[in-house]
Amino acid sequence: MDLLYRSTRNEAACFTASQAILKGLADDGGLFVPERIPALTKSMDELAKMSYQETAYEVMKQFLTDFTEEELKDCISRAYDEKFDTKEIAPIREEDGAYYLELFHGATIAFKDMALSILPHLLITSARKNQVKNEIVILTATSGDTGKAALAGFADVPGTRIVVFYPKNGVSPIQEKQMVTQKGANTFVVGIRGNFDDAQTGVKKMFGDKALAEEMAQAGFQFSSANSINIGRLVPQVVYYVYAYAKLYGAGKLAKDERLNVVVPTGNFGNILAAYYAKLMGVPIGKLICASNDNKVLYDFFRTGTYDRNREFILTTSPSMDILISSNLERLIYRIAGDDASANKGLMEALSADGAYSITEEMKAQLADFYGNYAPEAETAEEIKEVYEKTGYVLDPHTAVASRVRRKYVAETGDTAKTVIASTASPYKFTRSVMDAIDEKYDAMSDFALVDELEKLSGTAVPRAIQEIRTAPVLHDTVVEVSEMKDTVKKFLGI
Ligand SMILES: *Cc1c(COP(=O)(O)O)cnc(C)c1O
């Protein structure tokens with residue numbers, strides 16, 4: 001029997017996995033959740049022997065039950081191939097008493113690749129299964145990382161096109177170069193004269209534009225989103241927690257059923273929610289440790305039970321965690337409300353009206369699996385420097401936030417359980433912040449000169465993703481006003 005999906009804001013309607021992937025967000029604004037979390041069907045001894053791809057199949061087939069074995073295996077083999085620079089896909093590095101699960105070996109050297117390399121295949125398979133004949137047009141606004149990972153995932157995938165808008169002066173030089181050198185006849189990268197919010201608002205407007213949707217349909221197109229709330233992004237992220245546990249167990253680092261804590265540097269709450277789902281599937285995960293930067297909304301939430309976005313937005317060196325509304329938290333709220341869509345809906349309405357809500361004591365009591373803490377900027381830089389000086393291993397700022405929070409957790413609780421830290425980006429992606437943390441003398445050097453310095457210092461070769469963009473030709477140079485975004489899309493589609 002199929003596992004069905006429901007909206008977190010309305011219990012009535014049910015969708016198959018492929019329908020939920022195609023829709024992305026429910027019509028009522030809620031997020032799709034599976035009606036129950038399936039249990040693992042393979043033992044740890046069996047999982048320990050599996051490759052990443054085999055593990056992905058075991059986990060994903062439990063969630064995406066309307067995909068055939070052939071369909072799912074085809075998606076997996078297209079996603080997790082030589083785009084990753086290591087056969088293990090997600091290798092584990094043991095340093096300074098913790099296991100760093102490196103999720104940055106894909107095309108854009110950040111963890112978004114883990115899901116965005118498979119999402120395009122899940123999406124076109126879903127379209128086929130539901131007799132959708134239109135070409136799928138992915139529309140994305142990016143502050144840097146998501147856009148490039150989505151471009152890399154969708155480039156040259158038949159039946160899809162992708163348009164990415166980024167703030168012309170709001171991304172790092174390396175991030176911009178990564179995007180404007182993107183290959184693929186179906187890709188289109190556009191700078192806008194405005195900030196990220198302008199880009200985001202422009203994209204949202206197009207998604208809600210009925211007349212535009214009509215015009216598109218007549219020309220054989222429909223919009224979709226590669227947004228992190230799509231279950232087609234969430235489910236592939238459960239895989240690496242199962243894989244990490246199984247590999248550590250297989251290597252004798254964990255005894256049978258030994259508890260493993262997980263620390264996740266968190267922004268939109270997708271990655272840590274995937275770890276929670278892995279735990280609910282039966283992986284012996286202990287605490288789920290939610291690490292924030294100075295934008296510590298989640299830390300405050302776990303301490304007080306009140307989620308409050310009414311605060312200053314702080315720009316940090318871990319920009320992918322600079323978020324005040326963690327969209328995927330809604331799935332946890334729904335669960336701790338006892339799968340009560342109307343209770344959840346009330347809280348989400350309060351969030352959108354007042355920017356805040358408080359959960360009940362009963363709900364709070366169900367958060368015992370979670371622990372929240374944060375690392376301010378100075379501590380994050382210190383963590384990079386200290387881990388480097390002690391071990392020679394270089395952390396990116398996002399991972400450093402998590403690494404620091406692990407220390408705080410241990411100091412506060414005395415918990416000695418083994419710990420996996422989700423390492424979400426390569427230090428090469430944030431070379432300037434990383435090198436500045438290690439030594440002030442690097443301050444005057446250009447971004448690309450710093451890349452060479454980092455190679456010398458870390459002893460890890462410059463990843464292909466960075467090597468390529470140094471010499472790659474610029475293929476996208478369109479820059480438009482915010483008011484021209486819609487016409488730009490139409491022109492690209494030829495309508
Ligand atoms: C997106 C991102 C995060 C945050 O992940 P969420 O799933 O949004 O919580 C952390 N680190 C890096 C490098 C990212 O790109």
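The values are calculated or read from the model by the stated rules, or taken from the named source; none is laboratory data. Because the structure is predicted, anything quoted here is derived from the model rather than measured. FYI the Cβ positions are ideal-geometry reconstructions off the backbone, even for glycines, and counts take in every protein chain you see.
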Restricting the stretch 1-29 to residues that are in a strand (DSSP E or B) and polar (S, T, N, Q), the residue that is surrounded by the most Cβ atoms within 10 Å (Cβ to Cβ): S7
Among what's in the stretch 316-325 and is modelled with pLDDT under 90 and not β-branched (V, I, T), pick the residue that is nearest to the ligand (Cβ to nearest atom). S320
Under 18 Å from E382 (Cβ atoms) and surrounded by 20 or more Cβ atoms within 10 Å (Cβ to Cβ): does that describe V434? yes
Please state which one of D339, D415, D308, D396 is acidic (D, E) and within 16 Å of the ligand (Cβ to nearest atom). D396
Sort out which residues of the stretch 308-356 are over 21 Å from the mean Cα position of the chain (by Cα) and of a type in the set (G, A, S), and write them in order of number. A337, G338, A341, S342, A343, G346, A350, S352, A353, G355, A356
Give me the pairs, please: first residue somewhere in the stretch 310-326 and closer than 9 Å to N268 by Cβ, second residue anywhere and assigned to a loop (DSSP other than H, G, I, E, B) and away from the ligand (no atom under 11 Å from the Cβ), beta-carbon distance under 6 Å, and either six or more positions apart or on two chains. I325/R309
Residues in the stretch 437-459 that are assigned to a loop (DSSP other than H, G, I, E, B) and surrounded by 14 or more Cβ atoms within 10 Å (Cβ to Cβ): how many? 1
Qualifying positions in the stretch 5-36 - within 30 Å of Y249 (Cβ to Cβ), touching a Lys or Arg at 6+ places or on another chain (Cβ under 9 Å) and not acidic (D, E): V33, P34
Considering only the stretch 443-481, how many residues are over 25 Å from the mean Cα position of the chain (by Cα), among the β-branched types (V, I, T) and within 21 Å of Y166 (Cβ to Cβ)? 4
Would you mention how many residues in the stretch 30-53 are within 24 Å of the chain's Cα centre (by Cα), charged (D, E, K, R) and buried (at least 16 other Cβ atoms within 10 Å of the Cβ)? 0
Residue selected from the stretch 209-237 under the condition within 28 Å of the chain's Cα centre (by Cα) and part of a helix (DSSP H, G or I), by the criterion nearest to F63 (Cα to Cα): V235
Give me the pairs, please: first residue somewhere in the stretch 248-272 and hydroxyl-bearing (S, T, Y), second residue anywhere and part of a strand (DSSP E or B), beta-carbon distance under 8 Å, and either six or more positions apart or on two chains. T266/C290; T266/A291; T266/S292
